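First the structure, in the form of structure tokens, and then the observations on it.
The values are calculated or read from the model by the stated rules, or taken from the named source; none is laboratory data. Please read all numbers here as calculations on a predicted model, not as lab measurements. Cβ sites come from the backbone with ideal geometry, for glycine too, and all protein chains shown count toward neighbours. Accessible surface is based on the protein model in full, side chains and every heavy atom, while ligands, DNA and RNA are left aside. Shrake-Rupley method; radii C 1.70, N 1.55, O 1.52, S 1.80 Å.
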Amino acid sequence: MADKGEKPIIHTLRDALLHFAVKSKKLASPLLEPFGRASEPATVDDDELTALRSKLLRIRATLRDAESLSVTDRSVQLWLAELGDLEHRAEDVLEELEYESRRSAQLEELKLDLLRAAKNGKRRREVGLLFAAAPARRLRRKIDGIWARYEEVASDRRKLRLRPGDGAPRPAASALVPSSAHPRGCGGLHGRERDAKRVAALVRAPPDNGRGYAVVPIVGMAGVGKTALVQCVCNMADVRSHFDMTFWIWISQEFDVVGVTRKIVEAITRSRPDCDELSTLHELIVEHLAGKRCLIVLDDVWDDNPSHWDCITAPLSCCAAGSTVIVTTRSKKVAKMVNPKLYHLKCLSDDDCWLVCRRRALPNINTNIKQELVEIGKQISKKCGGLPLAGEAAGSALSNSISWEHWKEVLENGLWAGSEAKNLVLPVLKVSYDHLSSPLNRCFAFCSLFPKGFVFDKDVLVQLWTAQGFVDAEGDCSPEVIANGYFKGLVSRCFFHPSPAHDIGEGKFVMHDLYQELAQFVSGNECKMIQHPYSMKIDESPRHLSFVDEESYSVEEMHLNTFRGHHDLRTFLFIARTEQNQEKMTFRTKIPSELITDFECLRALDLSNTNIMELPKSIGSLIHLRYLALDNTTIKTLPDSICALFHLETIKLNNCSSLTQLPQGIKLLLNLRCLEIPHSNIQMPSGIGELTRLQRLPFFAIGNEPAGCGIEELNELVNLRGHLHITGLNNLDGAQAATANLWNKLGIQKLTLEWSELTNFNKPLCDPQGNAVGGISDRQGPGFNAAKDQVLKCLKPHSDLEELSIKHYNGSFSPTWSGWLPLDS
């Protein structure tokens, strides 16, 4: 047995050998193949990996092609679903192989540090198991399973190729009824009197666009009544008398320049033209409209190509002064293309929506109904969210029987639970969905995980979409830029609206209840939202799962063991309907360690607003995880195993007041783009500067410990944006402050610089090396103030900063750069 003097030598030798092993693996890893043999799964050769990637590309291409087809054959739909499942499994295996090639090269050094810090044998055994490699046999079985499943699925459809009979191109407007200048049905508009007067005034107003005719775009969501409003305006006496001629052309989705021009000619001449030459068609328009004041309605325009618009309207300059073109559209992009000054038609009030509903439910206006039926009807119509189309659908459902029992049944079962109302409304809304690109289809369907009335945070949605791989790469654009473009596209098409309860700059949006119904309809079994405790069991196997808070949840603890076995789950979210404070934990639950292990394919995990106090160490097995949210929990520490989640892009720890430090190995999360920490007192380890992809870092706490985070680590974080709050500036001198190079952080909009409060100056303070410095009596002299002045001088931000806040700075220096900044001290 070695004596006591030999033990330090043995430990030193062991550490040196381990250190050499780590360094050698790091040096060797760039020389290995992309999924090389740095770890155990060397049983998978390069040819097989290449073949697997190739099959994955073919599967994706087949599924993307299928998205443009209208497939009604149930067997084909099932086959496509199986193909989608195969796509996900292949993605997961390829990613797991990549992870294993990186694991040993990147985690051994952290493992060595944790072993050194281990105080007992139990802790050393835990560390030893913490970053263990996945068994090669398990990966081998997964790959073999994919090949077998591929052969089985491929044999059904000629090696992954859709047959011509499997589907036809999606019909452009199967759910839309062509419109004309004459209103359908009987009765006037309810609640649109003010809108009609305003639009009539715009129609008669002189043009202000430099052309001889005015363009009035009217935009609104599907079913809001754009067509009905314009029909009403066109039939107003003062509008009819203002124009010599009125023409109505229904455009819809199929936008062909020649085809639309032919429609205009047919409306003007009342005969179908027998030529397809554009110049001849233009001459016909000029011949019939020259010198006449015309009102031309282009109803339901979808095409947002400016050159197409210019070509269609080119001959209209021959019209007499005072002519007007009205354009109705669901797209703000289309509306702004034809005229930046658009008219946005909003939903009706609940009272007006009830009048629409009552007119359809009781065609005989003289019918007297009891007040109790009126009250039920008003409650039902309130669920229509002010949408006239929904009000009419509700009225149709109620018209089947004017009885208390029937109306009560419609109210309690949900208006959209029955097929009649749903069949009248959803197909019209789905036309908007079908018009979206494939990435936007996926992003919108994902929103079915959120309840009606939910206030969406744009940034959170962007992070979740990115985590799920919904964002297609586009050149050098970052995923956030592309995903933000997706969101803007959905807003412009009226899928989202700014939340009226929030300022426009807060990025908060709401979705109409009927669009939420549409999201649940199109997502099918992919997404499942649980709103009631008695529906905890899931018969299907969704890929995305959410829990929405109910009052009953807070009384009884939720048991999540019922979800064991859902290995394919990619999203697991706890969703609070409203913003929560820390005193109120919405969900009472426990997260079993085995449950985390079961969710091996998880991309997004949100345990916010739960009463959890710690994360299971098994979270390190979620190697695909991109998004982790723990907002408003009493969690005290993050397990070291979290540092093995190389794909993590977002960590949200807002309002976690019990959390005091971040894991030592967080610097290994090189893909991290958002790190939202709870407060400025949290201990940040060194190495944060290695996370060069970080874009959101609200707090940056400068440590006064040797292993703490120094301000120089900000130098490499050039992608930071939004708000940055730097604390602990009392630990710096000017030279150290200059290393932050705040001037090159061009994405930062708001900057807060904070020194320690004066009331805390009697506490012992340390310099950046951890050495004690003088107390308050030594720090009130000119030397101390001069040091602070120099620190502030060296923290110069970029000149486009929107807001600067300086806290607890009692120096005498006002830097020259502060003159051109919005200072808030």
With respect to Cys294, determine if the residue is closer than 30 Å to Leu362 by Cα and either open to solvent by less than 10 Å² (accessible area, probe 1.4 Å) or in contact (Cβ under 8 Å) with a residue 40 or more places away in the chain (or both).
no
Since Gly774 meets every condition but one in (1) at pLDDT 70 or above; (2) open to solvent by less than 40 Å² (accessible area, probe 1.4 Å), which condition does it not meet?
(1)
Could you check the stretch 667-676 and list, in sequence order, the residues that are buried (at least 22 other Cβ atoms within 10 Å of the Cβ) and within 18 Å of Thr727 (Cα to Cα)?
Leu675
Out of Leu229, Leu189, Leu284, I need the residue that is under 30 Å from His512 (Cα atoms) and open to solvent by 40 Å² or more (accessible area, probe 1.4 Å). Which one?
Leu189
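Yes/no per residue for (1) under 36 Å from the mean Cα position of the chain (by Cα); (2) over 21 Å from Gln231 (Cα atoms); (3) open to solvent by 20 Å² or more (accessible area, probe 1.4 Å):
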{"site": "Trp309", "(1), (2), (3)": "yes, yes, no"}
{"site": "Gly322", "(1), (2), (3)": "no, no, no"}
{"site": "Ile326", "(1), (2), (3)": "yes, no, no"}
{"site": "Thr329", "(1), (2), (3)": "yes, no, no"}
{"site": "Lys336", "(1), (2), (3)": "yes, yes, yes"}
{"site": "Val356", "(1), (2), (3)": "yes, no, no"}
{"site": "Arg359", "(1), (2), (3)": "no, no, yes"}
Among strands (runs of 3 or more DSSP E) completely within the stretch 630-717, the ones holding 3 or more residues that are not β-branched (Val, Ile, Thr) are 674-676, 699-701
Condition (residue is among the polar types (S, T, N, Q), in a helix (DSSP H, G or I) and open to solvent by 30 Å² or more (accessible area, probe 1.4 Å)) applied to the stretch 255-265: is it met by at least one residue?
no
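Per-residue answers, yes or no, for (1) outside the structural domain of Ile296 (by the TED database); (2) at pLDDT 90 or above:
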| position | (1), (2) |
| --- | --- |
| Ala173 | yes, no |
| Pro178 | yes, no |
| Ala181 | yes, no |
| Arg184 | yes, no |
| Arg198 | no, yes |
| Val203 | no, yes |
| Asn209 | no, no |
| Ala214 | no, yes |
| Val219 | no, yes |
Restrict the check to the stretch 244-251 and report whether at least one residue is without any contact (Cβ under 8 Å) to a residue 60 or more places away in the chain and within 24 Å of Asp352 (Cα to Cα).
no
Could you tell me which of the residues Leu398, Leu440, Leu464 is under 19 Å from Phe521 (Cα atoms) and touching a helix residue (DSSP H, G or I) at 6+ places or on another chain (Cβ under 9 Å)?
Leu440
Could you list, in sequence order, the residues of the stretch 403-422 that are surrounded by fewer than 22 Cβ atoms within 10 Å (Cβ to Cβ) and modelled with pLDDT of 85 or more?
Ser403, Trp404, Glu405, His406, Lys408, Glu409, Leu411
Does the stretch 530-544 hold any residues that are in contact with a Phe, Trp or Tyr (Cβ under 9 Å, 6 or more places away or on another chain), at pLDDT below 90 and closer than 23 Å to Ala467 by Cα, and which are they?
Ile530
Here is a list of conditions, (1) among the charged types (D, E, K, R); (2) touching a strand residue (DSSP E or B) at 6+ places or on another chain (Cβ under 8 Å); (3) surrounded by fewer than 16 Cβ atoms within 10 Å (Cβ to Cβ), and Lys745 meets all of them except one; can you say which number that is?
(3)
For His288, state whether it is farther than 25 Å from Ala205 by Cα and in contact with a Ser or Thr (Cβ under 8 Å, 6 or more places away or on another chain).
no
Quick check on my filter: what residues within the stretch 626-666 are touching a Gly at 6+ places or on another chain (Cβ under 9 Å) and buried (at least 20 other Cβ atoms within 10 Å of the Cβ)?
Arg626, Asp640, Ser641, Ile642, Cys643, Ala644, Leu645, Gly665, Ile666
Of the residues Arg116, Arg103, Arg140, Arg123, which single one is assigned to a helix (DSSP H, G or I), touching a Ser or Thr at 6+ places or on another chain (Cβ under 8 Å), modelled with pLDDT under 75 and surrounded by fewer than 17 Cβ atoms within 10 Å (Cβ to Cβ)?
Arg140
Would you confirm whether or not the stretch 792-799 contains a residue that is more than 32 Å from the chain's Cα centre (by Cα), on the phi > 0 side of the Ramachandran plot, outside any helix (DSSP H, G or I) and at pLDDT below 90?
no
Tell me the residue from Leu440, Leu389, Leu490 that is crowded, with 17+ Cβ neighbours inside 10 Å, among the hydrophobic types (A, V, I, L, M, F, W, C) and outside the structural domain of Asp503 (by the TED database), please.
Leu389
So is Leu342 open to solvent by 30 Å² or more (accessible area, probe 1.4 Å) and over 20 Å from Arg198 (Cβ atoms) or not?
no
